[in-house]
Each structure stands twice: as structure tokens, then as C-alpha cells.
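Working notes, structure below.
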Amino acid sequence: MYILTSRPHTTMRKAFSIFLFIFATILASTDVKASADTALNDALTDSLEEKSFDFSTIKDLIFDHLGDGYGWEVPFNHHKRIPLPVILYSSEGGFHCFSSARIEHGHEYTEDGITFKIAPKGHPHQGKVIEVIDGKEYKPWDISITKNVLAVFISSLLVLWMVLSVASWYRRQPLKAPRKTRGAIEELIMFIYDGVIKPTLGANSMRFAPYLITVFLFILVMNLMGLIVIFPGGANLTGNIAVTLVLAIFTFLITNIFGTKHYWKEIFWPDVPMWLKFPLPIMPIIEFFGVFTKPAALTVRLFANMMGGHMIVIVLTLLIFIAAALGGTLLGGATVVISILFSVFMLLLDVLVSFIQAYVFTMLSTLFIALAQDNGHHGKKHEEDVIMTPLPDTSIPMGNHIDDPAIAAGEIFENK
Amino acid sequence: MELFTPDFGLVFWMFVSFIILFLILWKWGWPVILKGVESRADLIDKGVEYAQQAKEQLDTARQQADKQIAEARQRQAEILREADKMKTQIIEEAREAARKEARKVMDAATISIQQERKEAQSQFRDEVSAFALEIAGKVVRNEMQDQKAQARLVDSLLDQMENQN
């Protein structure tokens, strides 16, 4: 038994450190060049030439970079973008599909008497495609394959490849351990399965593991792809609230659809003194809100963590230009060194954060699902076990664990 | 702000791609991997168990063998000792038998010698008496004048005879 328990950890550490090293190398070589790309560079050179620095441009640039786009930027070229299909369902009815190259740089595109354009700055739908029919502006249903959507597809395909390659190995030789890349992927899978899912869900592991491991790998891949600044990476996916919201909704649905009777009883008639639930249902109201705050916490914590990481790196890069604009060449040059050192450090930290956030999202999802699986036979002790077990198992230093408000909140909800 | 309002298109595609991803992995990915890992773990468990059993069996077998060897040694020593004892006994017995036989033979010989001697003595006595009678007859025949001389002669002859024997 000793062999079984010790092997995954040492191999895991090895695999993970190799993983980190590769990503760090890629990041260190690409971040500096590509961070200061396209639109950012355009606007900054403009403002540098004018010698008057407008901080609102900086703000716009940062959010431009964190946001979505109809095309995908290419490094070292400020005007060309990889064109992506724009798919719209007009408010007049009917689908419209065209290349994003047609509406780039303020161009307008007319199809079937409807003019499409990207809403200019200051518009309520700024940056999105709007349609102009008879001089009136409408917002069509927009299911374009944007940069983020394509990044979701790429990440999905990567996860698909990762898992299916391991699966095909097991289909061919079910009793042999996979080696090299497949081995590393398997270690990732088993790290979550053995370290989080099994100790928390116990007998229910096999039922929920497919969802939980998929989520873990998907978030991890999206996080790491977001750190690679050039195509096919660079989309700030997990730092986009739509992505984290969808994942949190899935966890919410699974938690509540598969919730036991005891779980619902605990919400509407919890085990507290009578005056807390009748005549004024204080606890039931709090518990009921807890049902929705759990996915909300999941959404916001992943989104905020990842967006924060991206934002810091962009700001550090922009600092070079700001310093150059404000203090001339000498100050700019000094800032280059400091900024690069700091952004490399931040990106390395982000690699760690990527892993931790994927881990924490999965762990919290597991926890929420496990709590809804409690059928009351084990009483309070079981609940405590559920909360305590996954934490000591991790071999990764959970530095930002303590000051993470969502975890603290999650625990408060469960412990009351 | 745009960042905090989820975009419909992205939510839609995220839903679609995640569901497709999940369904594919749920059907063709996870069961194979998780079962594979479980069965491998089972196999390793079984292997460990088997090895332990084999080791135990080996240990008991070795112990038994040691015990048997020790027993055999003891038996061997016993047999050797017994054989030794038997050997001396047999030799002793043989010697005793030989001694008895020898004594018997000796006894028989002694007896027969004595008998023979007795026979010889009696024979000799007979012969001597016959001879003496002959001599006496001769003496009687030849020198019947001197009776005294005759008697002396007879006596002296007889004495001689007796002394000779």
C-alpha cells in the first residue's frame, strides 16, 4: 500500500515542475514583446508623440486587452487581425454571417439592406456589433465566433485531446501505467481524483468525477492558455465573467438537481432553535440565499483572480510607456528593466495562480456537491470531515488560500 | 462596465462547447481512465498481497524444511549410534558364541583324551599284564628252581612298569 500512496505525489511534483518550467520559459520569452502589441502600441505612440498623456486612454487600453474582440491580434502588426466569423441573428429576423475583417477599423458592412458596424466609443454597446435599419440602431443577437469563443474551442479541443489520449492508452493496455506526456496528464487527473474528489465524495466519486475533472482540466487549460500572449493563447478567458458564470451555473445545477432530501430540509427547515425559523424564517432565508451565493462566489473568485493577474501584467508593461511619456528616455529605460523583471515575476506567479484557481474551483464545486449529497445519517461529524479532508491532502502551497474571501465565505455558509 | 456583464454570445458558445466536451469525455473518456486506474490499483494490490502470501509460504516452507533437516540429522545420529551399539553387541555375541564353542570343543577333547588315556591305560595294563604273564610264564618256565628269585623279579618288573607310567 505504501507504494500506491507515495508514487503519485513524487511523480506529480516532478511532472508539475517540468510543466511550470516549460510554461515559464514560453512566457518569459514572449510576454514582453507581445504585451505591448497592436492597439496598445498605436494609441501609446500617438499619445507619446503629442507629449500629453491621457490616463483615460490607459484605462481603455487595459480593458480593451482584458475584453473580447471580433478578430485575433497578431504579434508585430498593428493593423492586421486574424479574421473570425461574425454570426448575428438580426432583430428583423434571419441569420447574417460574415468575416470580421469587413467591419474592422470602423468599416461598415451592408447585407440585405442592413448595415452592420462596431459601436463606437461612448455607445451603450461599445465594441459590439450593432445593426442599422432605416437609420435606427438595434442590437442583434450576437453569437459570433469572437476571439474568446475561438479560445474556448481551442481549450476544449486541447482538453479533449489530453483526456482522449490517456483514454486510448487505457483502452489498449488497461493494466499498464502511461508514460511521458500521457503520464503527466494522468497524474493531473489523478491528483484531483485521488486528492480532492475521492476523500470528499467517497462512494459518490464515480458519479460526479467526470464533471469535476472536466472542469478542473478545462479551467487549468484556459488559465494557462491565457498566459501565452500570442495566438492560440492570450484570450483572457477565465478572467471573463461569462466563462466563469457558465461553469458556476453547471456546478449550481448539479448541486441542486442531485441534492438529497436532507439537503433541502437543511435549507428550509434547518437544525436550529425554533425562534430562528418560526414565525420569522431567518435561517431558511439565509440558507436559501446561500444556495445562490455559492455559485456567485465561484463565479467572482475565479474571474477576479485571473483578471487581476492579467491586469497587473498589462499595467506593468504600460508603466514603461507612462514613465517614458512623463519622465523622458532615462526614466523610461530604467522602468523597462524594473517592469520586465516584475512582469516576468507576475507571470510566473500567474502560472501558480492558474493551477491554484483551477484546483480551488474544483475543490469548492466538489465540496458544494458533497454537502448536497449528505443524507443525514452521519450527522454533524460527517459534515466536518467533508470540509476538513481535502485541505491537508494538497502538496501545493496554498498561499492565497487564507485571504481568499470566497473560501472563507463558503466555509461560513457551511458551518453557520 | 462591459467586464462585469456576461456577453450573450460567449455564454452561449461556452455552454455549447462545455456540454459537448463533457458529453464526449463522459462517454469515451472518464469511464475508461477511471476504471483503468482502479483496475490497475487493484492489480497492484493483488500483486502485493500475492507477494506477501508467497513470502509467507516460502517462509513456512523453509521452516518446515529446516525442521525436517534437523529431524533427519537427529535420526541419522540415532541410527548411527544404534548401529554402533548393534555392531559391538554382535561382535560380543559372536565372541561369546565362539568362546562357548571353543570351550565345548575343548571339553569334548579333554573328555575324549581322558577316555582314550583311560582306554590306553587299561589296554596297556592289559597288555602289560599279558606281557607280565608271558614273562612270568617264561620266567616260570625257565627259572622255576629259585622261587625267591622269581618273586623278586616279578616285583621289580612290576615296579618298573608302574614307574614308567
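Give me the accessible area of A:LYS136, 1.4 Å probe, in Å² rounded to the nearest 10.
Result for A:LYS136: roughly 130 Å² accessible.
Sequence neighbours fewer than 8 away in the same chain don't count; with that in mind, list the lysines whose C-alpha is under 17 Å from A:LYS198.
Filter leaves B:LYS35.
What are the ³J(HN,Hα) couplings of region A:160-168, residue after residue, when phi is run through the Karplus curve with 6.51, -1.76, 1.60 and θ = phi - 60°? Round to Hz, x for glycine and proline.
So the J values, rounded to whole Hz, are 4, 4, 4, 6, 5, 5, 5, 4, 5.
Provide, in order from the shortest bin, the percent of all Cα-Cα pairs of region A:87-147 in each 5 Å bin, continuing until the bin that contains the maximum pair distance.
4, 19, 35, 29, 12, 1, 0
Pairs A:LYS139/B:LYS27; A:LYS176/B:LYS27; A:LYS59/A:LYS294; A:LYS80/A:LYS180: which exceed 29 Å Cα-Cα?
A:LYS139/B:LYS27; A:LYS59/A:LYS294; A:LYS80/A:LYS180
Under the rule a/c < 1.5 gives rounded, and otherwise a/b versus b/c splits prolate from oblate, where does region A:57-193 land using the Cα gyration tensor?
Note, shape of region A:57-193 comes out prolate.
Excluding residues fewer than 8 places away in the same chain, name every one of the lysines whose C-alpha is closer than 21 Å to that of A:LYS277.
Within reach: A:LYS261, A:LYS265, A:LYS380, A:LYS416.
Give the long-range amide H neighbours of A:GLU111: residues separated by 5 or more places, or on another chain, with amide H under 5 Å away, using H modelled in the peptide plane at 1.01 Å from N.
For A:GLU111, the qualifying residues are A:PHE116.
So if R0 is 22 Å, what FRET efficiency would A:SER91 and B:THR5 give, r being the distance between their Cβ atoms, rounded to the nearest 0.05?
Once rounded, the FRET efficiency stands at 0.70.
Hey, rough spin-label estimate for A:GLN173 and A:GLU137, points 7 angstrom out along Cα→Cβ, what's it come to in nanometres?
6.3
Less than 21 Å apart at the alpha-carbon level, and either on another chain or at least 8 residues along: which lysines does that give for A:LYS136?
Cα-Cα hits under 21 Å: A:LYS117, A:LYS121, A:LYS128.
Accessible area per residue for region A:85-144 in Å², computed with a 1.4 Å probe and the full protein assembly in place, what is it?
So region A:85-144 comes to 56 Å² accessible per residue, rounded to a whole number.
Calculate one ³J(HN,Hα) per residue across region A:204-213 by plugging θ = phi - 60° into the Karplus curve 6.51 cos²θ - 1.76 cosθ + 1.60, and present them in order as whole Hz with x for glycine and proline.
7, 3, 4, 6, 9, 4, x, 5, 5, 5
With label points built 7 Å along Cα→Cβ from the Cα atoms of B:ALA98 and A:HIS78, find their separation and express it in nm.
The two pseudo-label positions are separated by 13.3 nm.
What are the semi-axes of the equivalent ellipsoid of chain B, taken as the square roots of 5 times the eigenvalues of the Cα gyration tensor, listed largest first and rounded to whole Å?
Equivalent-ellipsoid dimensions as semi-axes: 139, 12, 5 Å.
Give me the residues in region A:136-163 whose solvent-accessible area, probe 1.4 Å, is reduced by at least 20 Å² once all protein chains are included instead of the chain isolated.
A:TRP141, A:ASP142, A:ILE143, A:VAL149, A:VAL152, A:PHE153, A:SER156, A:LEU160, A:VAL163
Of the heavy-atom accessible surface of region B:120-165 (probe 1.4 angstrom), what whole percent is carbon and sulfur?
51
Tell me the total accessible area that A and B bury against each other, 1.4 angstrom probe, in square angstrom rounded to 100.
When A and B are taken together, about 4300 Å² of accessible area is lost.
Considering only protein heavy atoms, what is the solvent-accessible area of A:VAL272 at a probe of 1.4 Å, reported in Å² to the nearest 10?
40
Which positions within region A:198-238 get 50 Å² or more of their accessible surface covered by the other protein chains, compared to the chain by itself, with a 1.4 angstrom probe?
A:MET206, A:PRO210, A:THR214
Relative to the longest principal axis of the C-alpha atoms of chain B, give the angle of the C-alpha long axis of helix B:147-164, reported between 0 and 90° and rounded to the nearest 10°.
Helix B:147-164 and the main axis of chain B meet at about 10 degrees.
Let a ≥ b ≥ c be the square roots of the eigenvalues of the Cα gyration tensor of region A:241-344; is it rounded (a/c under 1.5), or, if not, prolate (a/b larger than b/c) or oblate?
In terms of gyration-tensor shape, prolate.
Please give, to one decimal in nm, the separation of the simple spin-label points placed at B:LEU157 and B:ILE24, each 7 Å out from Cα toward the Cβ.
Result for the modelled spin labels: 16.0 nm.
The values are calculated or read from the model by the stated rules, or taken from the named source; none is laboratory data. Computed from a predicted structure; not experimentally measured. Cβ atoms come from the backbone with ideal geometry, glycine included; neighbour counts cover every protein chain shown. The protein model used for the area step is the full one, side chains on, heavy atoms only, and it has no ligands, DNA or RNA in it. Shrake-Rupley method; radii C 1.70, N 1.55, O 1.52, S 1.80 Å.
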